Every structure is written in C-alpha cells, then in structure tokens.
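Enquirer: I'd like to ask some things about the structure below.
The values are calculated or read from the model by the stated rules, or taken from the named source; none is laboratory data. Fair warning: this is a prediction, and the values are worked out from it, not measured in the lab. Cβ placement follows ideal geometry from the backbone for every residue including glycine, while neighbour counts extend to all protein chains displayed.
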Amino acid sequence: MMRRMICIYLLALVSAAALADTTAEIEGYFAELDTLKAEFSQTVYDEQGRRLEQSSGTLYMQRPLRLRWVYHAPHEQLIVADGRRLWLYDPGLEQVTVQFLDQTLETTPLALLSGEQPLAELFTIQRLEGRGRLQWYQLRPRHTEASEVSTLRLAFANGDLEVLEIEDGFRRRTRLALANVQPNPELASELFRFDPPAQADVVGDY
C-alpha cells in the first residue's frame, strides 16, 4: 500500500530539466516532460524521523498515465500503470493487486502525467531558502480533502532534480533520491503493459 501510494504521489513530479528561479516556470518544465527513466533510492521515516525501510530500483514514465516502477532491493516488486489500471505485483507472495485509474486519482500528482491540469491548479507552490547546494520547493495540494498527503518537497541542484519528499497527514515522510536521470528517452510500449502470471492471485478491479 505504501509503495503504491508513493508511485501515485511522486512519479508525476519527476523532471530533469533545468529549473529557473520563479515558481511559475516549474509548470513549463513539467509540461515538457513526456518520458523519463531514472534509478532511485527510497527511504521511509516515521513521524519521529526514525527510518522504517529502505529500497532501491528503476522507474520509467510515459505520458499519458503510464509508469513502470521496479523495486530491485531488498525485495523484488513491480508497479505498472497502463493508462487505465494500476498494477502491483509481488513475486514472493505470487499476488497481484489492481485498481482503476479513475476519478479518485484526478486530484493527485498522477494527474500531471495527463498534462490536462496546470501545476498551480493542483498545488500551492513555494520556493524555500536554499540549503547547501540544494534549492527546495514546497507544494501543498489545493484539494486537501481528496489528498492522502499534506506536503511535497522537490530539491534541485544546478537545475537538475535530485530529491523528492512526501509527507502525509501523520507526518510520516518518504524520501526519494534520483540518479542517472534521463529525460524524454525512447521507451518501449511493452514496459507499460502487464499480464498477471498464471499462478498469481489477482485482487481488485480485473
């Protein structure tokens, strides 16, 4: 559940384009992002800042509403959004969980992948003071009643996105550090297709 939520709330905010000093220009850069590939290191903290889990893997994104999120360590797991459904596959449990990408997700950052809503319509955006070499931006959902998160933070260094953080209403925080980011690469359509293995149990809207 935690990993599925992270994909929904973080992936659409990924951009490796140069970022100017004004928050108004953020929208333009996200709008220009059609595909993306990156490696990630993900850490989850509790409300007191204690580390709960750490994982790593590779992510792929393609508009509209397509993503592939591969966890390599410490356990294999696969999350795929094919434009209509969001699939979560756990090979160890031989279980697939699936849900429709319906209107319940339109108020989340995943909506940015469709390019239909300007960033400023979904979030209030604030440029924070720089910390070391990182320049941070803070985004808060405008429709808080439909959002599972309270705050999103993005950190850039020399114009490149390096860190994303998500904080929920219970002050639990997930930090996603990106590496080897490739904006707008050519990606095979098969990356965003998922067929449940014959031996797997499928739970949800299938």
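Enquirer: Residues that are of a type in the set (A, V, I, L, M), loosely packed, with under 14 Cβ neighbours inside 10 Å and either farther than 24 Å from Ile125 by Cα or at pLDDT below 95 (or both): does the range 27-41 have at least one?
Expert: As a first pass, look at the range 27-41 and keep what is of a type in the set (A, V, I, L, M): 31, 33, 36, 38.
Subsequent filtering for residues that are loosely packed, with under 14 Cβ neighbours inside 10 Å retains none.
No, the range 27-41 contains no residue that is of a type in the set (A, V, I, L, M), loosely packed, with under 14 Cβ neighbours inside 10 Å and either farther than 24 Å from Ile125 by Cα or at pLDDT below 95 (or both).
Enquirer: Of the numbered conditions (1) at pLDDT 55 or above; (2) under 15 Å from the mean Cα position of the chain (by Cα), Val96 fails exactly one; give the number of that condition.
Expert: (2)
Enquirer: Would you point out the residue of the range 156-206, among those that are aliphatic (A, V, I, L, M) and free of Cβ contacts under 8 Å to residues at least 24 places away in the same chain, that is surrounded by the most Cβ atoms within 10 Å (Cβ to Cβ)? Let's see the steps before the verdict.
Expert: Looking only at the range 156-206, we keep the residues that are aliphatic (A, V, I, L, M), and these are 157, 161, 163-164, 166, 176-179, 181, 187-188, 191, 198, 200, 202-203.
Applying the additional criterion that residues be free of Cβ contacts under 8 Å to residues at least 24 places away in the same chain yields 188, 198.
Numbers: Ala188: 9, Ala198: 5.
This residue is Ala188.
Enquirer: Which of the residues spanning the range 56-74 are outside any loop (DSSP other than H, G, I, E, B), in contact (Cβ under 8 Å) with a residue 24 or more places away in the chain and touching a Ser or Thr at 6+ places or on another chain (Cβ under 9 Å)?
Expert: Those that are outside any loop (DSSP other than H, G, I, E, B), in contact (Cβ under 8 Å) with a residue 24 or more places away in the chain and touching a Ser or Thr at 6+ places or on another chain (Cβ under 9 Å): Tyr60, Met61, Gln62, Arg66, Arg68, Trp69, Tyr71.
Enquirer: Looking at Leu113, Leu119 in this structure, which one is more than 22 Å from Gln199 (Cα to Cα), crowded, with 19+ Cβ neighbours inside 10 Å, at pLDDT below 95 and touching a Phe, Trp or Tyr at 6+ places or on another chain (Cβ under 7 Å)?
Expert: Step by step, each of Leu113, Leu119 is checked, and only Leu119 is more than 22 Å from Gln199 (Cα to Cα), crowded, with 19+ Cβ neighbours inside 10 Å, at pLDDT below 95 and touching a Phe, Trp or Tyr at 6+ places or on another chain (Cβ under 7 Å).
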